[in-house]
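Notes follow the structure.
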Amino acid sequence: MSPASSTTAPSTLITVAPTGAESSKADVPTLPVTLDELVSAARAAEAIGAAVIHVHIRDDEARPTLDLGRLSETVTALREATSLIVQLSTGGTVTDPEEHRLRVLEAAPDAASCSMGTVNFGHDVFLNRWDFIVELHNRMRDAQVVPEYEIFDLGQLSTLQRLLDKHGLPYGEHVHVDLVMGVPGGMPGTAHALVAALGLLPDGATFAATGVGRTSIPVMLAALASGGHLRVGMEDTLTYAPGQPVQDNAQLVARAAGLARIAQRPPMSIADARTLLGVGPLAAVA
Ligand code: KMH
Ligand code: ZN
């Protein structure tokens with residue numbers, strides 16, 4: 001047998017989720033909550049290999065908010081400071097009303113999250129009714145916003161298939177999924193669960209995986225070994241190693257980029273990520 005011919009290594013799409021909605025600034029002083037802190041975190045993540053930023057924002061008191069003016073300002077600031085694909089969270093907090101979550105799309109991001117079902121979320125319930133899911137999916141297509149379908153449990157992949165069968169492909173015509181694993185109430189963050197999820201992905205879909213808390217590393221390794229992509233950040237992980245708090249988001253992105261290189265699937269360029277996700281080329285900032 002002849003030696004393998006040289007080919008371009010497949011690459012790894014890295015998403016940074018720097019803030020989330022669950023941790024408080026008081027508990028986690030390094031959490032980026034102001035626009036300046038978010039932009040700095042975004043710049044650092046881009047320099048290390050992230051291609052997408054998953055954004056939750058905070059108000060002046062560092063409380064989670066879906067204020068439309070602030071969201072629009074954030075999208076503009078991130079576009080001016082970076083070339084990252086800007087993905088706004090439509091998940092918000094477990095208490096955000098549906099109409100506020102739908103209105104997020106009016107901030108005109110490149111992409112947005114679209115959760116595929118209701119799940120126990122620690123002591124809370126993250127509610128995603130079928131009719132709400134359909135409305136979000138359809139509004140995203142109308143607004144030309146690319147969805148990332150967030151999957152917290154295996155049955156939510158059946159919901160995704162049903163959504164696509166009944167309501168068609170999203171804007172961009174590509175299905176990209178993020179398996180959010182290890183949420184207390186959702187699927188566990190294990191290689192076994194990740195492999196089970198892969199068997200339920202829609203045809204042609206790509207996937208990333210996120211391991212919450214201490215499941216971060218096993219999920220990353222399982223995703224890389226299975227041809228998947230990665231989401232990391234302080235939304236999901238606040239402890240770098242037992243007894244060692246995360247310094248900042250850059251530390252987590254650097255670890256993901258390093259593991260991706262070890263797996264011989266280096267970080268994906270932003271241009272390639274735009275093509276993969278169907279986001280379209282970077283628009284010039286006015
Ligand atoms: N904060 C969680 C309740 C998303 O961003 O779309 C929901 C969440 C998912 O983080
Ligand atoms: Zn989120």
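The values are calculated or read from the model by the stated rules, or taken from the named source; none is laboratory data. In this text, all values refer to a predicted model and were calculated from it rather than measured experimentally. Virtual Cβ from ideal backbone geometry, glycine too; neighbours counted across all protein chains shown. Note: accessible area is taken over every heavy atom of the protein model, side chains too, but ligands, DNA and RNA are not part of it. Shrake-Rupley method; radii C 1.70, N 1.55, O 1.52, S 1.80 Å.
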Report the semi-axes of the equivalent ellipsoid for the chain in whole Å, largest first, where each axis is √(5λ) for an eigenvalue λ of the Cα gyration tensor.
25, 22, 21
Toward the positive end of the charge dipole of the chain, about the Cα centre and with charges on Cβ (Lys, Arg +1; Asp, Glu -1), which of His174, Ala112, Ala26 goes farthest?
His174
Between Leu68, Thr190, Leu238, whose Cα lies farthest towards the positive end of the dipole of the chain when Lys and Arg beta carbons carry +1 and Asp and Glu beta carbons carry -1, centred on the Cα centre?
Thr190
Can you work out the PRE-style zone for Ala9? Point 7 Å along Cα to Cβ, and I want the residues of segment 211-242 with backbone N under 18 Å.
220-231
Net charge of neighbours whose Cβ lies under 13 Å from the Cβ of Phe126, counting Lys and Arg as +1 and Asp and Glu as -1:
-4
Centroid-to-centroid separation of segment 81-113 and segment 201-280 [C-alpha atoms, Å]:
20
For the chain, what % of the accessible area comes from carbon and sulfur atoms, probe 1.4 Å?
54
The ³J(HN,Hα) series, computed from each phi in segment 97-114 with the Karplus coefficients 6.51, -1.76 and 1.60 at θ = phi - 60°, rounded to the nearest Hz and given as x for glycine or proline, is x, 4, 5, 5, 5, 5, 5, 3, 5, 5, 7, 6, x, 5, 8, 8, 7, 8
Over segment 134-207, one equal point on each Cα, no solvent: what is log10 I(q)/I(0) by the Debye formula at q = 0.14, 0.19, 0.20, 0.26 Å⁻¹?
-0.43, -0.76, -0.82, -1.21
Nothing charged except the Cβ atoms of Lys and Arg (+1) and of Asp and Glu (-1): what's the magnitude of the dipole of the chain about its Cα centre? Round to the nearest 20 debye.
780
Would you look at the GNM of the chain, springs on alpha carbons closer than 10 Å, and say which of Ser269, Ser115, Ser89 moves the most?
Ser269
Quick one: accessible area per residue over segment 139-286, 1.4 Å probe, rounded to a whole number of Å²?
44
Kindly identify segment 63-175 as rounded, prolate or oblate by the Cα gyration tensor criterion: order the square roots of the eigenvalues as a ≥ b ≥ c, call it rounded if a/c is under 1.5, otherwise compare a/b with b/c, prolate if a/b is larger, else oblate.
oblate
Residues with beta-carbon under 11 Å from that of Gly182, excluding Gly182: net charge, scoring Lys, Arg +1 and Asp, Glu -1?
0
Over the chain, the sum of -39500 (n - 2.57) across DSSP H runs of at least four, divided by residue number and rounded to 500 deg cm²/dmol, gives at 222 nm -10500 deg cm²/dmol
